[in-house]
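Colleague: Have a look at the structure that comes next, please.
Read-outs throughout are calculated quantities, based only on the coordinates presented, and are distinct from any laboratory measurement. Given the structure is predicted, the values throughout are model-derived calculations rather than measurements. Don't worry about glycine lacking a Cβ; one is built from the backbone with ideal geometry, like all the others, and counts go over all protein chains shown.
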Amino acid sequence: MLEVADALRILFNAVSSLPSVALPLQEALGLTLAERILADRDFPPTDRSAMDGFAVRAADCPEPGSSLVVTGEVRAGQEAGATFVQAGEAVRIFTGGVIPRGADAVVMVELTEEDLNAGTVLVKARPEVGQHVRRRGEDLRAGETVIEPGTVVRAAEMAALAAVGRTRVTVIRPPRVAVMSTGDEVVEADAAPAPHQVRNSNAAMLLAQLQSMGVDARYLGIARDDRAVLDAMIADGLTGDVLVLTGGVSVGEYDLVGAALIRAGCGVLFHNVAMRPGKPIVTAKRGGCLVLGLPGNPVSAFTGFHVFVAPALRRLMGHPEPVTAPLRAMLVAPLRRRPGRLTFHLAHLRWHEGKPLVVPVTSASSGDVLSLVRANAFVVAPGDAQPIPAGAEVDVVAWS
């Protein structure tokens, strides 16, 4: 069996970023930029006020208590036009307003007292030159880099792209993914299962995980334990970039996926990984399509998605860090372990007084799909007969 790190290395060597495509800005969320984004003008494009108050000449207010004549007003979104601040004058200004010519400082309104009848303002504090003035280009100059290629587009990047007028951007296109389940014992979620059957929770889980990553997926259905049916469904799935399937990947008499992949012309990358749960994972490739076969047990399939499927998809999407880095958290209760493989223990991560705390979640087995709802993370720990005591720091991988 391969160690997890070795299996990931093999997987990453077999896949690379997909081609780029130009998309409307609203479709770029979660995707990776394939171009450098430059500022189309200075930011801000003019000297602007950072406060509500009065634009003044600092030299006119050498001491607190200076009185100035109010000669005009500049609102945000209004051109300063011919407005000019001369000696002994002030202009009422609002946050974002263009600094009128002649002014070199802004006094916030809280430090002034305006006499509307007299048309004057009393300045209660001595301003410094440049006070509360946002200078033209102080954020960024026209032509400078706003966002580097290889950046994943989040809400923050969406705001920056809109600010520089980019309504279309070049990104790494998302992969075309197909999802299928296998096994005579599996029925769809809307069926009334017999005692020997299980509802197809894996497909619902996989499709939801893919949607949360911004990846649209085709659901192919359930392939029965029949060679012709399995072959036909796999052939359909191999027409995309990624085929994710669950069940039939172990070594039992009715675990048919491995042989079916070979019949389809796939080259197996690895089969079986030294991890718990989820050991019987198979990955293969045919041409430009990557196949990730996960165990049928729901907790194993869920774990396999986080450990292998999600990183592979991020790599295809050009993410700079496809593997989620663990954080260190303190165990609130002892963690029981079993000797052997690296284990991804279900856990609940929370924060208390700014510190991460993690509580192990009990699961009856890798088939205990209902235990997943009590967890939001994995504690990742080597297999060992000795428990990890409460109070110890452990590696935790959050699910989101």
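Colleague: Taking Cα centroids, how far is segment 113-134 from segment 210-237 in Å?
Modeller: Computed from Cα coordinates, the inter-centre distance equals 70 Å.
Colleague: How big is segment 154-287 on each of its three principal axes, counting only the C-alpha atoms and giving the largest first in Å?
Modeller: Here the Cα extents, ordered largest to smallest, are 60, 37, 31 Å.
Colleague: If you take the beta carbon distance between Thr324 and Thr46 as r and set R0 to 30 Å, what does 1/(1 + (r/R0)^6) give as a FRET efficiency, to the nearest 0.05?
Modeller: 0.10
Colleague: Pairs of alpha-carbon atoms within less than 8 angstrom and 6+ residues apart define the contacts here; what relative contact order does segment 327-398 have, in percent?
Modeller: Relative contact order, segment 327-398: 48 percent.
Colleague: Could you calculate the contour length gain from Ala142 to Ala5, that is, 0.36 nm times the residue separation minus the distance between their Cα atoms, to one decimal place in nm?
Modeller: Answer, rounded to one decimal: 44.9 nm.
Colleague: Here's a follow-up. Given Cα pairs under 8 Å that are at least 6 residues apart, what percent is the relative contact order of segment 48-134?
Modeller: Over segment 48-134, the number comes to 42 percent.
Colleague: Normalised by the residues of the chain, what does the relative contact order come to in percent, with Cα pairs under 8 Å and at least six apart?
Modeller: Once divided by the residue count of the chain, the mean separation gives 16 percent.
Colleague: With a 10 Å Cβ neighbour count serving as the proxy for reagent exposure, in which order, fewest first, do Glu114, Glu144, Glu353, Glu79 appear?
Modeller: Fewest-to-most ranking of Glu114, Glu144, Glu353, Glu79: Glu353, Glu79, Glu144, Glu114.
Colleague: Okay, moving on. Most exposed first by the Cβ proxy, i.e. fewest other Cβ within 10 Å, how do Met158, Met233 rank?
Modeller: With the fewest neighbours first, Met158, Met233 line up as Met158, Met233.
Colleague: For each of Lys355, Lys285, count neighbouring Cβ atoms within 10 Å of the residue's Cβ, then give the residues from fewest to most.
Modeller: With the sparsest Cβ surroundings first, the list reads Lys355, Lys285.
Colleague: Right, something else. Looking at segment 23-76, I'd like the Rg to Rh ratio, where Rg is from alpha-carbon atoms and Rh is Kirkwood's inverse mean 1/r.
Modeller: Computed over Cα atoms, the ratio is 1.29.
Colleague: Turning to a different aspect of this structure: Hey, what number do you get for the chain at 222 nm if only DSSP H runs of n ≥ 4 count, each worth -39500 (n - 2.57), divided across all residues, to the nearest 500?
Modeller: It comes out at -4500 deg cm²/dmol, rounded to the nearest 500.
Colleague: Please give the length that would be gained between Leu29 and Thr95 if that part of the chain were fully extended, namely 0.36 nm times their separation in residues minus their C-alpha to C-alpha distance (nm, one decimal).
Modeller: Separation in residues times 0.36 nm, less the Cα-Cα distance, equals 20.7 nm.
Colleague: Then there's this: The list (1) 5, 18, 20, 17, 12, 10, 10, 7, 2, 0; (2) 5, 22, 31, 24, 12, 4, 1, 0; (3) 5, 19, 26, 22, 15, 9, 4, 1, 0 gives values of P(r) over Cα pairs in 10 Å bins from 0, in percent, and only one came from this structure; which label was calculated from it?
Modeller: Of the listed options (1) 5, 18, 20, 17, 12, 10, 10, 7, 2, 0; (2) 5, 22, 31, 24, 12, 4, 1, 0; (3) 5, 19, 26, 22, 15, 9, 4, 1, 0, (1) comes from this structure.
Colleague: How large are Rg and Dmax for segment 327-398 when only the alpha carbon atoms are used, in Å?
Modeller: Rg then Dmax for segment 327-398, in Å: 11.6, 35.
Colleague: Pick out, in residue order, every one of the GluC sites (Glu not before Pro) in segment 1-48 that is DSSP loop and has at most 13 other C-beta atoms within 10 Å; say none if there are none.
Modeller: Passing sites in segment 1-48 are Glu3.
Colleague: Can you work out the base-10 log of I(q)/I(0) for segment 48-134 at q = 0.14, 0.21, 0.25 1/Å, using the Debye formula on its C-alpha atoms alone?
Modeller: -0.36, -0.86, -1.26
Colleague: What is the mean projected area of the alpha carbon convex hull for segment 204-255, to one decimal in square nanometres?
Modeller: 4.0 nm²
Colleague: Separate question: Whole-Hz ³J(HN,Hα) for each residue in segment 141-151, computed from phi via Karplus 6.51 cos²θ - 1.76 cosθ + 1.60 with θ = phi - 60°, x for glycine and proline: what do you get?
Modeller: Karplus values, whole Hz, x for Gly and Pro: 8, 3, x, 7, 6, 8, 9, 7, x, x, 8.
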